[in-house]
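Notes for the one structure printed next.
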Amino acid sequence: MIALCSMLLAGLLHHSFAMFDTTKQVTLAGTVTAFEWTNPHAYIELDVPGESGATKHWTIELGSPSILQQAGWKFKDLKFGDKVTAIVNPLKSGQSGALLSRITMPDGRVLTNGPAGRQ
Amino acid sequence: MRRAEGLGLRAAVVLAIGLIATNAFAQADLTGVWAPYRGGRGADPALAPPPATPIVLKPQYAAPFEAKRKAEADAAAKGEPIASGAVACVPYGMPRMMSVALYPIEILPTPGQITIVTEAFSEVRRVFMNVPQLPMGDVPPGYYGRSVGKWEGDTLVVDTIGIKPSVPAYQNMPHSDQLRITERLRLVAKDYLHDTITLDDPGVLEKPLTYTLAYRRLPGYEMVEFVCDNNREFIDDKGGTHLKVRER
């Protein structure tokens, strides 16, 4: 499964994604502080409340708008204050940055970081 | 006499129809947007790209290339992949631009020229039709070089020279300013296009190599813009790639 994900990612991104640990998945439930529909990548900035009550901020990298459109995304899909749950591959460096794997949107849709299985 | 004239006219009409039909067959309509097609499970193998021939470098280039590949693999394992130009939003150039991840390309034939626009990085290359190629040393080395094209039956043959050595080629293999790229573009089925690319570089390659890119037509697709204005990835002093993470 991990190998399959890696192959899929290799097809979606325009450069190496080896910054991210694709063998690890982290679930981040939080509040969107920004959604940047930009090139070469889109980004979700997310405040995630921790168990201690302190909020940890995460930067989540996505594909580009072109690739995201192919997976059903729209540029207005997220806005400040939206609640989402994202499953991500964290940075190997330990910083609070990650690559999106999939996300549950405020309206309940589950979107991925690219068009899985498209030929 | 009149009968002979009638026969002559009939022959001319048949010949004209034949020429039109031949021409229609000869020059396929490549106009439109095409997405990379890699086949995969359930796909018709005849439409997927055939395997590439190996990269056979001259001995003096082979060892450094292998060492570079190993260094790249080691850096990736550490989580600091060695940056490609794309990390810094530098365009790919030829031949890499012809297939970047899942990004489509658009082919725009006009009289005397075929223009190819890519979605990734909005790259543009121009193929000048039915004109001679310049001598190798007369084209200033750049990202796209100079491309000339002609139809050979149903195949568009494009010759490109003038690619500077710092522009990455197939699988980042080294090349010199003597690189010659020969492309043969042909519809292998309705709405499926193959671009068979041969790279020849007598200074670096022991023998030419050939690989094929396959595409599927995307009717109605509207190409989207790609302006690299929010690049949060950066390259450190050692060439490793990192992501700028925001505090808030």
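The numbers here are math on the coordinates, done by the rules we state, and not lab data. What you are looking at is a predicted structure, and each value in this text was computed from that prediction instead of being measured. Backbone-built Cβ (ideal geometry, glycine too); neighbour counts: all protein chains shown.
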Residue by residue, what Karplus-based ³J(HN,Hα) values in Hz, rounded to whole numbers, does segment B:234-243 have, using 6.51, -1.76 and 1.60 with θ = phi - 60° and x for Gly and Pro?
9, 10, 7, 4, 8, x, x, 9, 9, 10
For segment B:28-243, just the Cα set please: Rg and Dmax, both in angstrom.
17.8, 52
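What value, in deg cm²/dmol to 500, does the helix sum -39500 (n - 2.57) over DSSP H runs of n ≥ 4 give at 222 nm once divided by the residues of chain B? Don't jump to the answer; show the numbers that get you there.
Working: 2 runs with 45 residues, N = 248.
Taken over chain B, the calculation gives -6500 deg cm²/dmol.
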Quick check: the angle from helix B:59-78's long axis to the longest principal axis of chain B, C-alpha only, nearest 10 degrees?
60
Helix B:2-26 sits off the longest principal axis of the Cα atoms of chain B, rounded to the nearest 10 on a 0 to 90 degree scale, by 10
Across peptide A:34-45, how many C-beta atoms of other chains are within 10 Å of each residue C-beta, on average?
4
Which loop-located chymotrypsin sites (Phe, Trp or Tyr not before Pro) does segment A:14-104 contain, where loop means any DSSP state but H, G, I, E or B and the Cβ has at most 11 other Cβ atoms within 10 Å?
A:Phe80
If you average the C-alpha positions of segment B:51-108 and of segment A:42-119 separately, how far apart do those two centres end up, in angstrom?
28
Bridge orientation stat for chain B from DSSP, antiparallel percent rounded to 5, came to 95
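Identify the GluC sites (Glu not before Pro) of segment A:44-116 meeting these criteria: DSSP loop state and at most 12 other C-beta atoms within 10 Å of the C-beta.
Within segment A:44-116, the qualifying GluC sites (Glu not before Pro) (loop, at most 12 other Cβ atoms within 10 Å) are A:Glu51.
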Under 1.5 on a/c is rounded, so check that first for segment B:96-178, then, if it is not, pick prolate when a/b is larger than b/c and oblate when it is not; a ≥ b ≥ c are the square roots of the alpha carbon gyration tensor eigenvalues.
oblate
Proximal charge balance of B:Asn172 [Cβ under 15 Å; K/R count +1, D/E count -1]
+2
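Starting with the fewest neighbours, write out B:Leu134, A:Leu46 ranked by other beta-carbon atoms found within 10 Å of each beta-carbon. Please report the intermediate quantities before stating the final value.
Values: B:Leu134 12, A:Leu46 28.
Sorted ascending by nearby Cβ count, the order is B:Leu134, A:Leu46.
Just flag the chymotrypsin sites (Phe, Trp or Tyr not before Pro) in segment B:29-134 sitting in loop per DSSP whose Cβ has no more than 13 other Cβ atoms within 10 Å.
Numbers: sites: B:Trp34, B:Tyr37, B:Tyr61, B:Phe65, B:Tyr92, B:Phe121, B:Phe128; in loops: B:Tyr37, B:Tyr92.
Loop-located and lightly packed - none at all.
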Distant-in-sequence amide H partners of B:Glu123 (H built 1.01 Å from N, under 5 Å)
B:Thr118
Excluding same-chain residues fewer than 8 positions from B:Lys58, which aspartates and glutamates have a Cα within less than 18 Å of its Cα?
B:Glu66, B:Asp177, B:Asp200, B:Asp201, B:Glu206
Could you state the principal axis extents of the C-alpha atoms in the protein assembly as shown, from the largest down, to the nearest angstrom?
105, 53, 35
Taking amide H positions as placed in the peptide plane 1.01 Å from N, state which residues far from B:Met129 in sequence (5 or more) or on other chains have amide H under 5 Å from it.
B:Gln113, B:Ile114, B:Gly149
Explain nothing, just compute: Karplus ³J(HN,Hα) = 6.51 cos²θ - 1.76 cosθ + 1.60, θ = phi - 60°, for every residue of segment A:68-84 in order, whole Hz, x for Gly and Pro.
5, 4, 5, 9, x, 6, 10, 5, 9, 5, 10, 8, 3, x, 5, 9, 9
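Past the 18 angstrom mark, what percentage of all C-alpha to C-alpha distances in segment A:2-111 do you count? All intermediate terms of the calculation are to be shown ahead of the outcome.
On the way: 2792 of 5995 pairs.
The calculated P(r) of segment A:2-111 puts 47 percent of pairs beyond 18 Å.
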Answer in debye to the nearest 20: the dipole magnitude of segment B:28-243 about its Cα centre, from +1 Lys/Arg and -1 Asp/Glu charges placed on Cβ, is 400
Give me a comma-separated list of calculated 3J(HN,Hα) values for segment A:92-101, in order, Karplus coefficients 6.51, -1.76, 1.60 applied at θ = phi - 60°, integers in Hz, x for any Gly or Pro.
5, 5, x, 5, 8, x, 7, 9, 5, 9
